[in-house]
Amino acid sequence: MFRVVERATLFRISLDRRDQGDLSDGTYYVFTVDPGLHSVTATGRENQESIQIQANVGSVYFVSVRARIGGKDFAPVNVSLLSDDTGKAAVRASKMASREPRG
């Protein structure tokens with residue numbers, strides 16, 4: 001299971017190259033996946049970034065998606081793995097996003 005948490009601007013999210021929809025400020029997705037290697041990708045206006053996670057049976061992974069501070073109009077997307085405590089706190093402070101895959 002993945003919990004994807006976003007705390008900044010709007011991003012398009014994909015899991016294993018399959019579109020999952022948009023994340024806006026204070027929202028998250030929950031993905032249930034089989035054990036193995038998985039990729040979470042976030043696409044912002046400026047760039048795209050991915051994280052690879054080796055999912056284990058019974059484990060929960062929290063992935064943060066946010067805009068890094070850049071130049072005046074430049075906020076590249078940053079994707080990172082969170083600790084359990086930080087991830088759980090972020091989920092409690094957020095609401096689940098509705099999925100609207102494209103295509």
Practice task
Pop the C-beta distance of Leu81 and Arg45 into the FRET formula with R0 = 30 Å and round what comes out to the nearest 0.05.
Solution key: 0.80
Completion exercise
Residues whose modelled amide H sits under 5 Å from the amide H of Thr27, counting only those 5 or more places away in sequence or on another chain, are Glu6, Lys95
Practice task
Convert each backbone phi in the stretch 10-15 into a coupling constant with the Karplus relation 6.51 cos²θ - 1.76 cosθ + 1.60 (shift: θ = phi - 60°), then list the ³J(HN,Hα) values in order as whole Hz, x for Gly and Pro.
Solution key: 8, 9, 9, 10, 10, 10
Completion exercise
Cβ density ranking, 10 Å radius, fewest first, applied to Ser39, Ser64 yields Ser39, Ser64
Problem - Residues Phe31, Phe62 arranged by fewest to most Cβ contacts within 10 Å - result: Phe31, Phe62
Handout entry: Label point distance in nm, Asp25-Ile53, each placed 7 Å from Cα along Cα→Cβ
Key = 2.5 nm
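Read-outs: derived from the displayed coordinates by stated rules, not from any lab. Values in this document were obtained by computation on a predicted structure and should not be read as measured data. Every residue, glycine as well, gets a Cβ built from its backbone with ideal geometry; the counts of neighbours run over all protein chains shown.
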